[in-house]
Every structure is written in C-alpha cells, then in structure tokens.
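Below is one structure, written out as structure tokens; comments come after it.
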Amino acid sequence: MEEFENKVQQALHNCGVHLKNVSSDGYAIGAAVSGGADSVSLLVSLCVLCKPFSIPVKVITVNHYIRPENETCGDVEYVTQLCQSLKNQGYDVELTVCELEKGQVAALADSKGIGIEAAAREFRYEAFENFIAQKNLKCLCLAHNKNDQLETLLMRFLQGAGTESRAGIPQVRGKYVRPLLNIERAQIEEYLTQKNISWRNDSTNSDTSYLRNRIRSELVPVLNEKFSGWDRAVLTGAQKAADDAEMLEGAGSLCFDKLSNRGMKGLNDFYSLPRALKIRALLKAANEAGCDTRIPYVFLRDVCDLADCADNYNRRKVEKRFANLSFILDENGVTVKNQEEVQNEIVFSAIIEKSGFYDIPAGQVFVPDGIEFPVLLRCCKPGDEVLTADGGTKKLADVFSDWHVPAQKRQYIPVVQELKTPEQKIVCILGSCLGYKDWIVKNEKV
C-alpha cells in the first residue's frame, strides 16, 4: 500500500504539485471521482498523502444520466458514502455532486452532431472548470491510468490521428493532473483489495460497440500474447510524438503571428511553409475566426494541395468552404473568413461612464460596478482575450467554446474594455444578454 501511495506522491511531484507548498500556500487538492477503481484509489491515496500536511481534499462527481438511472445514481450514492466514511476516519474530505438534467447530454450531442460520450465530456469539463474556480484548488486530479494511456494511443493510431493526438493523454494540462498515468490497472485494484475497499463497475465497459472497449477486450490480449514489449514501444513512440508536437505547435503559432500581422498576406510567406506548419496556421486562423468545430484533416489537406499548386491556376482566387468558414487563396496568400459574420456583421461600441443598463443590438445589458470607469462597451473581435482572476488572459474564442456559444451568436455578446490602463484589457464578457454567463474580473482597488 505504501508503495502505491509513494508512486502517487512522486507523480504529483513530477507534475509540479509539492504537498508542503500546497499546504503553506493554503490551497486544496481536488479529485474527480466516478466510483470506479481508478478514481477510488486516487481519492483514498490522496487522503492518506494530504492528511499529514492538513490539506483538504475536495471531491467532485458528475451524474450525466446517460446510463440506467439505478446504475448512475448508485455511483453517486457510493461516492457519497465513501467520502463520508473517509471523513469519519479523520480525513478532510468535502464532496460536490453535479447533477445534469435528464436528456441534457443527448440534446447537446444532437445539436452539435457529436457522440454521447463527447457531449458528456463537454459538460463534465465545464463542471470541472467551475469547481476549480470555486474551491481554491492547486490542481484537480483525474484518474486516467497506464492502461487508459495505451488504449488511447492504440485507438488514435487506428483512427489516423495527427502528431498531437499520437502524444496520448498529457500528465499535466493547466490545473488538471493525472497522478495514476504511469500506474497499471492491476496495481490499482490490488491497492484497493489490500485496503478492503470496494468499487463500482461501469456496465458500458463491456459494450464492444465502443472502439475503446474492443481494443481493451480484443486487441490488447493479442498484443500481450504475440508481441512482447509492445506497450513500452508504444509509450516511447508517444513521448517522441509529444516532443515533435510541442515543437510544431510553437512553430505554427509563430508562423501564424507573423502572417496575421500582414493579414495572412505574402506568397513567399504562407505558400512556402512546410505542410505541417500550413495546417497549424490554418487551424489557428480558423479558431481566431470563431470556429469551435473540429475541422477534418482531409479538408485542411485539400486547402494545402491548392496552396501547393498555386502557380498552376495562374494565381486566380480560389475558395473552399467548411461549415461557415471560407478559406480564400489568391496571389497574396490565404484568408480565413467567417461567412456568417461577414454577411451579418454587427459592430457596436460606446464609452460608458457608470454602472447601469445599456442598449445593444441583442437588447439590454447591465454593466456592473466594481470596475474602473470610464470603460469601452463593444462587440467582440477575433483574437480578443479577457483578463482572468489570476492576472493572466484567456481567449474569448475559448471562453465561448466552453460556454457552447454558436459561432453566429458570438458577435452579439458585448465585452467591457478598460480605458484607464495602458494595456486596455477586457475585464468583462456580458453573456447574460443572450442567456449565457457573465465573466467579470473586478478591480480590487474599487
């Protein structure tokens, strides 16, 4: 048992989570717990590790209502009882239960044309983001293990994934950390058995209509029997892909920044890029244009094919469309436009001297107090970033994606921009005018 807990503590350390510092800084540690063996072992080991440092463990469980009600509600009941049992043993544990409405996941899946699991993941991570912000967490621990990593890598290989996806599940992503990622499922179950702790089993894990389950039950046993050492080779390949992806992502961002400063102009700039950088520049341009839909590689490949043969069509203008985006190639380079915004462009701005209600194209919006007036109330623009509570910034496109705001509605959502500071940062997103959230970062001096 101590060996398992030591592995978890070392993994936290490798993720930059040092328990002594977490304690002295007054943070809590978060854990997402479903009731399965992985998340139960994570929670129990975190409690053991955090107790000597008097670190609270904040737990969240999400009821998606996408399985039979007796099963999914039974998971919630189990997690509730487990947290109470740990609390009775002297551990500082607090549980938050997030209950989605019945049919909510299916409705999102239908509206976005995605699978049920993908839709559930969107809701789950939205709940996680709110949980992290509310509970003063140093990190939120997720329970993906080594077997999950291998299954993911095999699945992405079979799906023809690109370099970034072939890197697998990252151990750290922002405030999300995965302390079990190098621990095998057998070790997890052994740990719980030794501690005489039960766990819940997800009935969908045996449903081979899911690719991951087919890989787990049919492909992995064959690899284990016929190809000794395959798992080490796959993990090594994933690390190489991660190194390559990091380099390409950085280079792609630099290329986009350079090109976007000239409006994506210059035949010798975009057209002369290697294809890997062309694709990353196009993806970043699409994101800046407000696209929150996954763009298939085959479409981006076709755009690159057109760019590669630019001289063959005598540099005349050529346009390819995906969803509401237009990719326009001409002798100057490539321009990515959101057609809905071009055809129905909404532009508004006004200097606001005090808090109150103001008229905008979407109706009325309330500008809150607690910010330093005067401010500029305006429509959002591609590339806008909003100030965050920790002093950093986040792209509006990413915020809107988290809120599930359709691209055609984004131009109606107003932002509040500072005027008295040299940076003139955006401090508010007033999504409530369209029924979404408000993002407000108040000035502590006010």
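General remarks:
- Residue list for the range 220-260, restricted to those being open to solvent by 40 Å² or more (accessible area, probe 1.4 Å) and touching a Ser or Thr at 6+ places or on another chain (Cβ under 8 Å): ASP244
- Restricting the range 391-427 to residues that are open to solvent by less than 10 Å² (accessible area, probe 1.4 Å) and in a loop (DSSP other than H, G, I, E, B), the residue that is farthest from LEU108 (Cα to Cα) is ILE413.
- Test: residue in the range 179-187 that is over 30 Å from GLU2 (Cβ atoms) and at pLDDT 85 or above: no
- All conditions but one from (1) under 25 Å from GLY435 (Cβ atoms); (2) at pLDDT below 85; (3) among the charged types (D, E, K, R) apply to ARG378; the one that does not is (2).
- Qualifying residue in the range 128-140 (condition: at pLDDT below 95, surrounded by fewer than 19 Cβ atoms within 10 Å (Cβ to Cβ), closer than 30 Å to TYR436 by Cα and in contact with a helix residue (DSSP H, G or I) (Cβ under 7 Å, 6 or more places away or on another chain)): yes
- The number of residues in the range 1-38 that are part of a helix (DSSP H, G or I) and closer than 16 Å to LEU181 by Cα comes to 14.
- Pairs, first at positive phi in the range 130-156, second open to solvent by less than 10 Å² (accessible area, probe 1.4 Å), C-beta under 7 Å, six or more apart: ASN136/ALA28
- Within the range 428-446, restricting attention to residues that are in contact (Cβ under 8 Å) with a residue 40 or more places away in the chain and in a loop (DSSP other than H, G, I, E, B), the residue that is surrounded by the fewest Cβ atoms within 10 Å (Cβ to Cβ) is LYS445.
- Close contacts from the range 242-268, counting a first residue that is at pLDDT 75 or above and a second that is hydrophobic (A, V, I, L, M, F, W, C) and open to solvent by 30 Å² or more (accessible area, probe 1.4 Å), with Cβ to Cβ under 7 Å and a gap of 6+ residues or different chains, come to LEU248/ALA276.
- Residue list for the range 23-42, restricted to those being out of contact with any helix residue (DSSP H, G or I) (no Cβ under 7 Å at 6 or more places or on another chain) and either of a type outside the set (Gly, Ala, Ser) or on the phi > 0 side of the Ramachandran plot (or both): ASP25, GLY26, TYR27, LEU42
Residues checked against (1) within 18 Å of LEU142 (Cα to Cα); (2) open to solvent by 20 Å² or more (accessible area, probe 1.4 Å); (3) out of contact with any Gly (no Cβ under 6 Å at 6 or more places or on another chain); (4) free of Cβ contacts under 8 Å to residues at least 12 places away in the same chain:
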position	(1), (2), (3), (4)
MET1	no, yes, yes, no
HIS13	yes, yes, yes, yes
ALA37	yes, no, yes, no
THR72	no, no, yes, yes
VAL79	yes, no, no, no
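- The C-beta contact set for the range 45-68 (first residue farther than 15 Å from VAL22 by Cα and at pLDDT 95 or above, second residue assigned to a strand (DSSP E or B) and charged (D, E, K, R), distance under 7 angstrom, 6+ apart or interchain) comprises VAL59/GLU94.
- Residue within the range 99-107 that is within 20 Å of VAL172 (Cβ to Cβ) and open to solvent by 40 Å² or more (accessible area, probe 1.4 Å) present: no
- Boolean, LEU154 is touching an Asp or Glu at 6+ places or on another chain (Cβ under 7 Å), surrounded by 15 or more Cβ atoms within 10 Å (Cβ to Cβ), part of a helix (DSSP H, G or I) and not charged (D, E, K, R): no
- Summed over the range 39-84, residues that are within 24 Å of the chain's Cα centre (by Cα) and outside any helix (DSSP H, G or I) total 11.
- The range 81-96, subset touching a Lys or Arg at 6+ places or on another chain (Cβ under 9 Å) and closer than 17 Å to LEU142 by Cα, residue most open to solvent (accessible area, probe 1.4 Å): GLU94
The values are calculated or read from the model by the stated rules, or taken from the named source; none is laboratory data. Predicted, not measured: the structure shown is a model, and the values here were computed from it. Quick reminder, even Gly has a Cβ in these numbers, built from the backbone with ideal geometry, and neighbours come from all protein chains shown. Each accessible area value is taken on the protein alone, full model and side chains, heavy atoms only, with ligands, DNA and RNA left out. Shrake-Rupley method; radii C 1.70, N 1.55, O 1.52, S 1.80 Å.
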